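K.L.:
Okay, handing you the structure first.
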Amino acid sequence: MDDDIILNEVATRVVPMICLFGVYIIFNGHLSPGGGFAGGTVIGVAMVLFSLVFGLRATFAMVPENLLILLTSLGPLWYAVTGLVGVFRGVGFLANANAGINLGAPGSLFSAGLIPVITFGVGISVAITVTILFVILVEAD
Amino acid sequence: MKPRHLMLLALPLVLVIALPMLMVVATMPTYGEVNPTFNYVIEHYNAHALEETGATNVVTGIILDYRAYDTLIETTVLFTGTIGVLLALKSVPRRRGDLSGRRHNP
(Lines give C-alpha, C1' and ligand atoms only; values in the text may rest on other atoms or scores of the structure.)
Protein backbone atom coordinates (compact mmCIF):
# COMPACT_ATOMS: atom_id res chain seq x y z
CA MET A 1 0.00 0.00 0.00
CA ASP A 2 3.03 2.26 0.08
CA ASP A 3 2.66 3.28 -3.55
CA ASP A 4 -0.69 5.04 -3.28
CA ILE A 5 0.27 8.71 -3.28
CA ILE A 6 -3.19 10.14 -2.58
CA LEU A 7 -3.82 7.80 0.34
CA ASN A 8 -0.40 8.49 1.84
CA GLU A 9 -0.60 12.26 1.54
CA VAL A 10 -4.16 12.50 2.84
CA ALA A 11 -3.48 10.20 5.78
CA THR A 12 -0.28 12.07 6.66
CA ARG A 13 -2.25 15.29 6.99
CA VAL A 14 -5.48 13.93 8.47
CA VAL A 15 -4.18 11.59 11.21
CA PRO A 16 -2.59 14.36 13.36
CA MET A 17 -5.74 16.45 13.03
CA ILE A 18 -7.92 13.57 14.19
CA CYS A 19 -5.59 12.95 17.14
CA LEU A 20 -5.68 16.63 18.08
CA PHE A 21 -9.47 16.65 17.86
CA GLY A 22 -9.62 13.59 20.10
CA VAL A 23 -7.41 15.28 22.70
CA TYR A 24 -9.66 18.35 22.48
CA ILE A 25 -12.77 16.25 23.10
CA ILE A 26 -11.13 14.52 26.08
CA PHE A 27 -9.98 17.70 27.79
CA ASN A 28 -13.29 19.50 27.20
CA GLY A 29 -15.35 16.61 28.50
CA HIS A 30 -16.49 18.54 31.57
CA LEU A 31 -17.33 21.68 29.57
CA SER A 32 -19.06 20.54 26.40
CA PRO A 33 -20.52 17.32 24.99
CA GLY A 34 -17.79 14.71 24.75
CA GLY A 35 -15.55 13.11 27.30
CA GLY A 36 -13.26 10.16 27.71
CA PHE A 37 -15.23 7.60 25.76
CA ALA A 38 -15.89 9.79 22.73
CA GLY A 39 -12.40 11.32 22.60
CA GLY A 40 -10.69 8.00 23.18
CA THR A 41 -12.65 6.45 20.33
CA VAL A 42 -11.60 9.30 18.02
CA ILE A 43 -7.91 8.79 18.86
CA GLY A 44 -8.29 5.04 18.43
CA VAL A 45 -9.89 5.55 15.02
CA ALA A 46 -6.94 7.75 14.02
CA MET A 47 -4.62 4.88 14.96
CA VAL A 48 -6.76 2.45 12.96
CA LEU A 49 -6.56 4.75 9.92
CA PHE A 50 -2.79 5.02 10.33
CA SER A 51 -2.32 1.25 10.47
CA LEU A 52 -4.70 0.73 7.54
CA VAL A 53 -2.75 3.13 5.32
CA PHE A 54 0.84 2.57 6.42
CA GLY A 55 0.65 -1.05 7.55
CA LEU A 56 1.20 -2.85 10.81
CA ARG A 57 4.98 -2.58 10.58
CA ALA A 58 4.91 1.22 10.60
CA THR A 59 2.39 1.20 13.44
CA PHE A 60 4.60 -1.01 15.58
CA ALA A 61 7.59 1.21 14.70
CA MET A 62 5.67 4.13 16.18
CA VAL A 63 4.11 2.31 19.15
CA PRO A 64 5.85 -0.98 19.97
CA GLU A 65 3.48 -3.86 20.53
CA ASN A 66 4.76 -4.61 24.02
CA LEU A 67 4.24 -0.97 25.00
CA LEU A 68 0.71 -1.15 23.64
CA ILE A 69 -0.02 -4.24 25.73
CA LEU A 70 1.53 -2.54 28.76
CA LEU A 71 -0.56 0.60 28.21
CA THR A 72 -3.75 -1.49 28.30
CA SER A 73 -3.68 -1.46 32.08
CA LEU A 74 -2.73 2.22 32.40
CA GLY A 75 -6.26 3.59 32.00
CA PRO A 76 -8.01 1.60 34.76
CA LEU A 77 -4.93 2.00 36.98
CA TRP A 78 -4.95 5.79 36.49
CA TYR A 79 -8.66 5.89 37.30
CA ALA A 80 -8.33 3.77 40.45
CA VAL A 81 -5.28 5.70 41.73
CA THR A 82 -7.17 8.97 41.19
CA GLY A 83 -9.98 7.51 43.24
CA LEU A 84 -7.56 6.92 46.12
CA VAL A 85 -7.19 10.71 46.56
CA GLY A 86 -10.51 10.71 48.36
CA VAL A 87 -9.41 7.84 50.59
CA PHE A 88 -6.27 9.69 51.68
CA ARG A 89 -8.32 12.82 52.40
CA GLY A 90 -10.45 10.78 54.78
CA VAL A 91 -13.63 10.57 52.71
CA GLY A 92 -14.95 7.95 50.33
CA PHE A 93 -13.31 6.33 47.33
CA LEU A 94 -13.59 8.48 44.16
CA ALA A 95 -14.80 11.50 46.13
CA ASN A 96 -14.44 14.82 44.34
CA ALA A 97 -15.89 17.89 46.01
CA ASN A 98 -16.24 16.08 49.35
CA ALA A 99 -12.46 15.54 49.39
CA GLY A 100 -11.92 19.28 49.73
CA ILE A 101 -10.64 19.72 46.18
CA ASN A 102 -11.09 23.21 44.78
CA LEU A 103 -13.64 22.94 42.00
CA GLY A 104 -12.52 26.15 40.30
CA ALA A 105 -14.64 28.47 38.23
CA PRO A 106 -17.30 26.53 36.29
CA GLY A 107 -16.65 26.73 32.55
CA SER A 108 -12.88 27.14 32.71
CA LEU A 109 -10.55 24.40 31.49
CA PHE A 110 -9.13 23.65 34.94
CA SER A 111 -12.36 23.19 36.82
CA ALA A 112 -14.53 20.39 38.18
CA GLY A 113 -11.78 19.03 40.43
CA LEU A 114 -10.81 15.45 39.58
CA ILE A 115 -13.20 15.02 36.67
CA PRO A 116 -10.68 16.03 33.92
CA VAL A 117 -8.06 13.76 35.50
CA ILE A 118 -10.43 10.80 35.45
CA THR A 119 -11.53 11.67 31.90
CA PHE A 120 -7.90 11.48 30.80
CA GLY A 121 -7.63 7.95 32.20
CA VAL A 122 -10.86 6.86 30.49
CA GLY A 123 -9.63 8.39 27.21
CA ILE A 124 -6.34 6.48 27.38
CA SER A 125 -8.18 3.26 28.16
CA VAL A 126 -10.64 3.57 25.27
CA ALA A 127 -8.01 4.69 22.75
CA ILE A 128 -5.68 1.81 23.61
CA THR A 129 -8.56 -0.67 23.54
CA VAL A 130 -9.72 0.36 20.05
CA THR A 131 -6.15 0.36 18.76
CA ILE A 132 -5.12 -2.97 20.25
CA LEU A 133 -8.30 -4.77 19.23
CA PHE A 134 -7.81 -3.71 15.61
CA VAL A 135 -4.07 -4.39 15.56
CA ILE A 136 -4.29 -7.81 17.20
CA LEU A 137 -7.21 -8.95 15.05
CA VAL A 138 -5.40 -7.90 11.87
CA GLU A 139 -2.17 -9.50 13.04
CA ALA A 140 -3.89 -12.79 13.85
CA ASP A 141 -5.54 -12.93 10.47
CA MET B 1 -26.33 -36.76 33.07
CA LYS B 2 -28.46 -36.85 29.98
CA PRO B 3 -29.29 -33.56 28.24
CA ARG B 4 -32.93 -34.15 29.05
CA HIS B 5 -32.21 -34.10 32.78
CA LEU B 6 -30.15 -30.95 32.39
CA MET B 7 -33.15 -29.25 30.83
CA LEU B 8 -35.28 -30.25 33.81
CA LEU B 9 -32.60 -28.70 36.03
CA ALA B 10 -32.57 -25.51 34.00
CA LEU B 11 -36.27 -24.85 34.43
CA PRO B 12 -36.18 -23.98 38.17
CA LEU B 13 -32.99 -21.97 37.58
CA VAL B 14 -34.71 -19.86 34.95
CA LEU B 15 -37.66 -19.36 37.28
CA VAL B 16 -35.37 -18.27 40.14
CA ILE B 17 -33.61 -15.74 37.93
CA ALA B 18 -36.61 -14.53 35.97
CA LEU B 19 -39.06 -14.06 38.85
CA PRO B 20 -37.12 -11.26 40.62
CA MET B 21 -36.59 -9.53 37.27
CA LEU B 22 -40.30 -9.67 36.50
CA MET B 23 -41.04 -8.35 39.99
CA VAL B 24 -38.71 -5.42 39.37
CA VAL B 25 -40.40 -4.70 36.05
CA ALA B 26 -43.77 -4.75 37.78
CA THR B 27 -42.71 -1.97 40.14
CA MET B 28 -41.51 0.30 37.34
CA PRO B 29 -43.67 3.35 36.67
CA THR B 30 -45.80 3.38 33.57
CA TYR B 31 -44.37 5.43 30.77
CA GLY B 32 -45.06 9.15 31.11
CA GLU B 33 -46.37 8.90 34.65
CA VAL B 34 -45.37 11.75 36.96
CA ASN B 35 -44.50 9.83 40.10
CA PRO B 36 -42.29 11.70 42.58
CA THR B 37 -40.84 8.44 43.92
CA PHE B 38 -38.85 7.91 40.76
CA ASN B 39 -38.06 11.50 39.80
CA TYR B 40 -36.34 13.10 42.78
CA VAL B 41 -32.86 11.98 41.67
CA ILE B 42 -33.27 13.65 38.29
CA GLU B 43 -34.47 16.84 39.91
CA HIS B 44 -31.57 16.84 42.34
CA TYR B 45 -29.05 16.33 39.53
CA ASN B 46 -30.58 19.05 37.37
CA ALA B 47 -30.64 21.54 40.22
CA HIS B 48 -27.32 20.84 41.97
CA ALA B 49 -24.96 19.19 39.46
CA LEU B 50 -23.12 22.40 38.60
CA GLU B 51 -22.42 23.48 42.17
CA GLU B 52 -21.65 19.97 43.45
CA THR B 53 -19.38 18.75 40.64
CA GLY B 54 -18.22 21.98 39.00
CA ALA B 55 -18.78 20.55 35.53
CA THR B 56 -20.90 22.55 33.09
CA ASN B 57 -21.59 19.33 31.19
CA VAL B 58 -24.12 17.68 33.48
CA VAL B 59 -23.73 14.27 31.81
CA THR B 60 -20.02 14.23 32.65
CA GLY B 61 -20.85 15.42 36.15
CA ILE B 62 -23.17 12.46 36.61
CA ILE B 63 -21.07 9.69 35.07
CA LEU B 64 -17.72 10.80 36.54
CA ASP B 65 -18.77 12.18 39.91
CA TYR B 66 -22.11 10.83 41.13
CA ARG B 67 -21.68 7.50 39.28
CA ALA B 68 -17.89 7.27 39.29
CA TYR B 69 -17.94 3.64 40.45
CA ASP B 70 -20.04 2.70 37.46
CA THR B 71 -17.57 4.29 35.05
CA LEU B 72 -14.62 2.66 36.81
CA ILE B 73 -16.14 -0.78 36.32
CA GLU B 74 -16.95 0.21 32.74
CA THR B 75 -13.26 0.91 32.19
CA THR B 76 -12.36 -2.48 33.64
CA VAL B 77 -14.86 -4.05 31.22
CA LEU B 78 -12.83 -2.59 28.34
CA PHE B 79 -9.66 -3.87 30.03
CA THR B 80 -11.14 -7.35 30.43
CA GLY B 81 -12.18 -7.42 26.79
CA THR B 82 -8.70 -6.47 25.66
CA ILE B 83 -7.11 -9.10 27.90
CA GLY B 84 -9.51 -11.71 26.57
CA VAL B 85 -8.62 -10.92 22.96
CA LEU B 86 -4.92 -10.95 23.83
CA LEU B 87 -5.21 -14.32 25.57
CA ALA B 88 -7.16 -15.84 22.71
CA LEU B 89 -5.19 -14.53 19.76
CA LYS B 90 -1.71 -13.62 20.93
CA SER B 91 0.64 -16.58 21.12
CA VAL B 92 3.39 -16.36 23.68
CA PRO B 93 6.75 -17.73 22.54
CA ARG B 94 7.46 -20.79 24.65
CA ARG B 95 10.75 -21.78 26.16
CA ARG B 96 12.84 -24.51 24.65
CA GLY B 97 12.27 -27.03 27.41
CA ASP B 98 8.51 -26.73 27.23
CA LEU B 99 7.03 -30.15 26.55
CA SER B 100 3.43 -29.08 26.15
CA GLY B 101 3.72 -29.88 22.47
CA ARG B 102 1.88 -26.79 21.40
CA ARG B 103 2.99 -25.11 18.25
CA HIS B 104 3.26 -21.35 18.20
CA ASN B 105 3.60 -18.72 15.55
CA PRO B 106 7.09 -17.25 15.33
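K.L.:
Would you pick out the residues in the stretch A:1-44 that are farther than 25 Å from B:T56 by Cα and in contact (Cβ under 8 Å) with a residue 60 or more places away in the chain?
P.N.:
Of everything in the stretch A:1-44, just one residue is farther than 25 Å from B:T56 by Cα and in contact (Cβ under 8 Å) with a residue 60 or more places away in the chain, namely A:G44.
K.L.:
Right, another one. Could you tell me which numbered condition A:N98 fails, if it satisfies all but one of (1) closer than 26 Å to B:D70 by Cβ; (2) at pLDDT 85 or above?
P.N.:
(2)
K.L.:
Right, here's the next one. With respect to A:P116, is the statement that it is in contact with a helix residue (DSSP H, G or I) (Cβ under 8 Å, 6 or more places away or on another chain), modelled with pLDDT of 85 or more and more than 27 Å from B:L86 (Cα to Cα) true?
P.N.:
yes
K.L.:
What number of residues within the stretch A:94-127 are small (G, A, S) and facing chain B (nearest Cβ under 9 Å)?
P.N.:
Count: 10.
K.L.:
Going residue by residue through the stretch A:45-64, is there one that turns out to be facing another protein chain (nearest Cβ under 10 Å) and either touching a residue at least 24 places away in the same chain (Cβ under 8 Å) or over 15 Å from B:G54 (Cβ atoms) (or both)?
P.N.:
no
K.L.:
Does the stretch B:24-80 hold any residues that are of a type outside the set (S, T, Y) and assigned to a loop (DSSP other than H, G, I, E, B), and which are they?
P.N.:
Result: B:M28, B:P29, B:G32, B:E33, B:V34, B:N35, B:G54, B:A55, B:N57, B:R67.
Each row is one residue, and each column tells you yes or no for (1) exposed (fewer than 10 other Cβ atoms within 10 Å of the Cβ); (2) under 30 Å from A:V122 (Cβ atoms).
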{"site": "B:A18", "(1), (2)": "no, no"}
{"site": "B:G32", "(1), (2)": "yes, no"}
{"site": "B:N39", "(1), (2)": "no, yes"}
{"site": "B:N46", "(1), (2)": "no, yes"}
{"site": "B:L50", "(1), (2)": "no, yes"}
{"site": "B:I62", "(1), (2)": "no, yes"}
{"site": "B:R67", "(1), (2)": "no, yes"}
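K.L.:
Residue under question is B:V41, and the condition is that it be more than 7 Å from chain A (Cβ to nearest Cβ) and on the phi < 0 side of the Ramachandran plot; does it hold?
P.N.:
Spelling it out, B:V41 is indeed more than 7 Å from chain A (Cβ to nearest Cβ) and on the phi < 0 side of the Ramachandran plot.
K.L.:
With respect to the numbered conditions (1) out of contact with any Gly (no Cβ under 8 Å at 6 or more places or on another chain); (2) within 9 Å of chain B (Cβ to nearest Cβ); (3) at pLDDT 85 or above, which one is the sole condition not fulfilled by A:A140?
P.N.:
Against the list (1) out of contact with any Gly (no Cβ under 8 Å at 6 or more places or on another chain); (2) within 9 Å of chain B (Cβ to nearest Cβ); (3) at pLDDT 85 or above, A:A140 comes up short only on (3).
K.L.:
In addition: Take B:T71 and decide whether it is closer than 17 Å to A:T119 by Cβ, β-branched (V, I, T) and within 9 Å of another protein chain (Cβ to nearest Cβ).
P.N.:
Taking the combined requirement at face value, the residue satisfies it.
The values are calculated or read from the model by the stated rules, or taken from the named source; none is laboratory data. Model, not experiment: these values are computed from the prediction. Cβ atoms come from the backbone with ideal geometry, glycine included; neighbour counts cover every protein chain shown.
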